[in-house]
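Since every read-out is calculated from the coordinates, none of them should be taken as a lab result. The shown structure was predicted, so the numbers you read here are calculated from the model rather than taken from an experiment. In this analysis, Cβ positions are derived from the backbone assuming ideal geometry, glycine residues included, and neighbour counts consider all displayed protein chains.
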Amino acid sequence: NAGVTQTPKFRVLKTGQSMTLLCAQDMNHEYMYWYRQDPGMGLRLIHYSVGEGTTAKGEVPDGYNVSRLKKQNFLLGLESAAPSQTSVYFCASSSPGTGPEAFFGQGTRLTVV
Amino acid sequence: AQKITQTQPGMFVQEKEAVTLDCTYDTSDQSYGLFWYKQPSSGEMIFLIYQGSYDEQNATEGRYSLNFQKARKSANLVISASQLGDSAMYFCAMREGVGNYGQNFVFGPGTRLSVLP
């Protein structure tokens, strides 16, 4: 069972570069989330989606964009990376039909130099 | 305002003893869900236990139980008979918005538990 898969797992970017993180889930979940994890701050919600074609801002959306063109995929984009975006990024998915908990990907460690 | 508070950055417990990890939350919703996740050093997020705001009984899952005190807005995790493999970061989380399946899914800062042999 693949569950939630994040690509890539590691990445180093130079300041100002752009990149896209891909999250794919094979559980037919309605909701998908992007979080960032920083030491001492837990997981903070960046953006989320409640269905194909819909997205919404979370707690820390600035500097990020998202798209959900297909139900199974949720993309997180950084248009112009900054050192403050160095973090571990987690994608998660959930659906009312499968219970209240969210299922997480393995995380992407991003370093912006 | 911080919705989830975990006041213990780090905790130590002796192997085979019980330990309580504290969590308090803030919400004006009547219907919400509370969760605990474990993050070992390998980094993955592992779901442990869930409590719905209308559940009258405290949730239990094996060695994990959730001490839910609604009036005090606390949802402490109790781990009985600690094992070395329990050493990890533990996150308390809350889901609000539309009952237990709301879109707003927020996490606390976490507590690092170390189990001593």
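Values as computed for the structure displayed
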| item | result |
| --- | --- |
| Radius ratio Rg over Rh of chain A, counting only Cα atoms, Kirkwood formula for Rh | 0.95 |
| Computed FRET value (nearest 0.05) for B:Val78 with A:Thr111, which takes r as the C-beta separation and R₀ as 41 Å | 0.65 |
| Cα-based Lys proximity count in the protein assembly as shown, under 25 Å, for pairs eight or more positions apart or on separate chains | 13 |
| A:Met41/B:Ile46 FRET efficiency (R0 22 Å; Cβ-Cβ; nearest 0.05) | 0.65 |
| Most mobile listed residue (A:Ser87, A:Ser67, A:Ser18) in chain A, GNM with C-alpha springs under 10 Å | A:Ser18 |
| Chain lengthening between B:Ser28 and B:Lys70 when straightened (0.36 nm per residue, less Cα-Cα) | 13.9 nm |
| Nearest-0.05 FRET efficiency for A:Thr7 and B:Thr20, computed from C-beta distance (R0 45 Å) | 0.70 |
| Approximate spin-label separation A:Glu59-B:Thr5, in nm, with each point projected 7 Å along Cα-to-Cβ | 1.5 nm |
